[in-house]
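> Below: one structure in structure tokens.
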Amino acid sequence: MTELERKQDRAPIPSGWEYATAPESREIVSLRERYGHFVGGEWLEPAESYQTIDPASEEPLAEVGQATDEEVQLAVRTAQDAFENGWSALPGSERAKYLYRIARILQERSREFAVLESLNGGKPIRESRDVDLPLSAAHFFYYAGWADKLEYAFPNRKPRPLGVAGQIIPWNFPLLMLAWKIAPALAAGNTVVLKPAETTPLSALLFCDVLRQAELPPGVVNIVTGDGRAGAALVKSDVAKIAFTGSTEVGKAIQRELAGTGKKLTLELGGKAANVIFDDAALDQAVEGIVNGIYFNQGHVCCAGSRLLVQESIYEPVISKLKRRLGTLRVGDPLDKNTDVGAINSRQQLDKIQELVRSGEEEGAEIYQPPCRLPEKGYWFVPTVFTNVAQSYRIAQEEIFGPVLSVLTFRTPDEAVEKANNTPYGLSAGVWTEKGSRILSMAQRLRAGVIWANTYNRFDPSSPFGGYRESGFGREGGLHGLEPYLDFE
Ligand code: NDP
């Protein structure tokens with residue numbers, strides 16, 4: 001035994017780590033008291049408004065507009081004018097310049113945006129700083145690159161823009177979803193009316209500043225805020241296309257509304273992804289992947305690995321490692337750089353998570369939550385694992401959209417595939433194994449739009465994202481993400 005090993009043997013294992021807080025300053029963001037709608041490059045005084053809050057403290061942040069039907073129509077007409085009077089005729093290389101500018105300004109102002117995203121949405125600053133912001137800028141850079149190459153992207157097909165794209169986005173990745181929607185629409189030569197989610201409008205409103213800084217022609221991008229009524233008005237308006245990300249229920253309602261109108265539609269809806277761990281997987285890495293899969297962004301992720309499928313022979317070590325790891329997650333102030341799990345986005349979402357968790361206990365699953373002290377104000381939920389879960393339980397079937405993992409087991413790859421595919425959704429899946437051949441065969445058999453192997457929740461603008469069945473249709477990202485914004489002669 002070496003001297004070092006002898007010392008390590010005697011050293012007590014620390015029972016807990018105390019960190020000093022490391023808060024990011026919120027001074028970098030200056031908010032106005034009141035925001036209107038951004039139409040034609042100007043702020044339009046809203047007829048109605050509501051207050052948007054910080055979900056970690058329940059403190060009001062600003063007043064924002066609740067768009068009326070007339071305000072939405074005005075935004076659409078303004079976007080149509082901008083489309084007809086210049087934007088659609090602009091050479092792709094000119095459109096690209098604006099997209100590059102937007103990307104660079106987002107990079108320059110990334111700290112400000114990251115703080116605002118955490119403030120209004122509740123996500124940890126580490127994630128908004130290291131994931132949301134770099135990826136948002138990367139989307140604009142990526143699609144800027146395509147703007148002058150559409151003829152090469154779709155050879156012999158003569159692409160042309162559609163007109164006005166109506167875009168409706170959710171609250172889990174407010175700026176990133178905006179980037180996923182606006183960047184390809186502009187690269188393809190369309191103009192945009194975008195409605196952010198009711199609870200997280202502020203980064204979209206700050207983005208209007210970026211549009212002005214980039215000198216994007218007025219009316220090319222218009223932002224109207226408000227709740228589902230504003231979204232419904234946008235769906236009914238005279239747009240050429242709707243791009244929607246959100247719940248399956250609202251997605252279906254939009255599909256019904258648009259049926260027969262000839263308007264184009266892409267839907268990116270919910271998910272209930274299986275994260276499948278085989279017994280030959282590197283367990284410590286797999287446990288990190290499980291944690292990243294479900295507790296990233298408080299589990300408010302459509303592609304979250306919310307169903308863990310563990311091969312029976314490794315069930316015990318995986319669950320005990322997972323429980324130990326859960327004990328190290330820090331839940332709390334989203335602006336603290338040490339925080340792993342931030343605030344739940346809204347009271348409504350917290351109620352939904354609590355209701356589903358109660359159903360899991362009532363149906364007979366075993367709940368595990370690490371000891372954890374939650375802040376008194378704000379919306380919080382302790383990272384949770386359910387074992388003894390039957391496939392029929394609601395927590396194994398329904399999208400919880402919170403930091404709650406349901407664990408199931410399997411013996412053979414066939415059983416894993418059958419259980420993984422036993423869901424109305426089909427957005428994403430994860431596979432953990434050291435065998436390349438098994439990865440390929442699982443990827444072929446799992447009914448999911450995105451499959452990660454020995455990793456989870458990895459995104460790249462060049463890689464298409466989207467689902468099957470109740471997870472929607474159409475792809476965002478990559479070349480595939482341009483196609484829904486184009487017509488072809
Ligand atoms: P919604 O589908 O209601 O929200 C998504 C967006 O659509 C928001 O901007 C919303 O506005 C808008 N919207 C709401 N109703 C309509 C309508 N009738 N017509 C047009 N647009 C509309 O999701 P929720 O925020 O209510 O979340 C409910 C559940 O949906 C979550 O618990 C989660 O399971 C799932 N979800 C899935 C997401 C995903 O990425 N796949 C994202 C968000 C939620 P407003 O914000 O004002 O309601």
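Where a number appears in this text, it was derived from the coordinates with a stated rule and is not lab data. Keep in mind the model is a prediction, meaning the values are calculated, not measured. Quick reminder, even Gly has a Cβ in these numbers, built from the backbone with ideal geometry, and neighbours come from all protein chains shown.
> Counting Lys +1, Arg +1, Asp -1, Glu -1, what net charge surrounds Ala281 among other residues with beta carbon under 13 Å of its beta carbon? Write out the running numbers ahead of the final one.
Numbers: positive: Lys321, Lys435, Arg438; negative: Asp279, Asp280, Asp284, Glu288, Glu434.
Local charge sum for Ala281: -2.
> Here's something else I'd like to know. Can you sort Glu112, Glu361 so the residue with the fewest Cβ neighbours within 10 Å comes first?
Listing Glu112, Glu361 from fewest to most nearby Cβ atoms yields Glu361, Glu112.
> Are there any trypsin sites (Lys or Arg not before Pro) in the range 411-473 that are in a DSSP loop and have at most 11 other Cβ atoms within 10 Å? List them by number.
Arg411, Arg458
> Which of the GluC sites (Glu not before Pro) found in the range 288-357 are in a DSSP loop and have at most 11 neighbouring Cβ atoms, other than their own, within 10 Å?
Values: sites: Glu288, Glu312, Glu355; in loops: none.
For GluC sites (Glu not before Pro) across the range 288-357 that sit outside H, G, I, E and B with at most 11 neighbouring Cβ atoms in 10 Å, the list is empty.
> Taking other Cβ within 10 Å of each residue's Cβ, how do Tyr485, Tyr393 sort, fewest first?
Placing the least packed residue first, the sequence is Tyr393, Tyr485.
> Among the chymotrypsin sites (Phe, Trp or Tyr not before Pro) within the range 244-339, which fall in a DSSP loop and have no more than 10 other Cβ atoms within 10 Å of their own Cβ?
For chymotrypsin sites (Phe, Trp or Tyr not before Pro) across the range 244-339 that sit outside H, G, I, E and B with at most 10 neighbouring Cβ atoms in 10 Å, the list is empty.
> What is the local net charge at Ala187, summed over the other residues whose Cβ is closer than 11 Å to its Cβ (Lys, Arg +1; Asp, Glu -1)?
Around Ala187, the surrounding residues sum to +1.
> Which one of Tyr143, Pro370, Val164 has its Cα pushed farthest toward the positive end of the charge dipole of the chain, where Lys and Arg give +1 and Asp and Glu give -1 at the Cβ?
Highest projection toward the positive end goes to Tyr143.
> Can you compute the modelled spin-label distance between Arg212 and Ala47, with each label point 7 Å from Cα toward Cβ, in nm?
2.5
> Helix 315-326 versus the longest principal axis of the chain: what angle, 0 to 90°, nearest 10, using Cα atoms?
The angle comes out near 60 degrees.
> If one takes the longest principal axis of the Cα atoms in the chain, at what angle in degrees, from 0 to 90 and to the nearest 10, does the Cα axis of helix 347-363 lie?
Roughly 40 degrees between the two axes.
> OK, next. How high is the FRET efficiency from Glu312 to Glu108, r the C-beta distance, R0 56 Å, rounded to 0.05?
Numbers: r = 52 Å, r/R0 = 0.92.
According to the calculation, E is roughly 0.60.
> If you add up the charges near Ala453, with Lys and Arg at +1 and Asp and Glu at -1, over every other residue whose beta carbon is less than 14 angstrom from its beta carbon, what do you get? It would help to have the intermediate numbers written out before the result.
Details: positive: Lys435, Arg438, Arg445, Arg458; negative: Asp280, Glu434.
Here the count lands on +2.
> Now for a separate question. Could you tell me the relative contact order of the chain? Use alpha-carbon pairs under 8 Å, at least six residues apart, and round to a whole percent.
In percent, rounded to a whole number, it is 18.
> Next question. Return the whole-Å distance between the Cα centroid of the range 463-484 and the Cα centroid of the range 352-416.
A separation of 28 Å, based on Cα centres.
> Using a 7 Å offset from the Cα along the Cα-to-Cβ direction at both Ala453 and Glu418, what is the distance between the two label points in nm, to one decimal?
It works out to 2.5 nm between the two label points.
> Per the helix-only calculation at 222 nm, which mean residue ellipticity applies to the chain, given -39500 (n - 2.57) for every DSSP H run of n ≥ 4 and division by its residues, nearest 500 deg cm²/dmol?
On the way: 16 runs with 182 residues, N = 489.
Rounded to the nearest 500, it is -11500 deg cm²/dmol.
> Give me the angle, in degrees from 0 to 90, between the Cα long axis of helix 92-108 and the longest principal axis of the Cα atoms of the chain, rounded to the nearest 10.
Tilt relative to the chain: about 50 degrees.
> Calculate the dipole size of the chain relative to its Cα centre from +1 charges on Lys and Arg beta carbons and -1 charges on Asp and Glu beta carbons; express the result in debye to the nearest 20.
Result for the chain is approximately 960 debye, rounded to the nearest 20.
> Between the range 245-274 and the range 85-129, what's the alpha-carbon centroid distance in Å?
Cα centroid to Cα centroid, the span is 26 Å.
> Follow-up. List the residues whose amide H sits under 5 Å from the amide H of Leu61, counting only those 5 or more places along or on another chain, with H placed 1.01 Å from N in the peptide plane.
Thr52, Ile53, Asp54
> Same structure again: Between Ile28 and Tyr152, what length in nm is gained on full extension when 0.36 nm per residue of separation is reduced by their alpha carbon distance?
Between Ile28 and Tyr152, full extension yields an extra 40.4 nm.
> Would you mind ranking Cys372, Cys208, Cys303 by Cβ crowding within 10 Å, fewest neighbours first?
With the sparsest Cβ surroundings first, the list reads Cys372, Cys208, Cys303.
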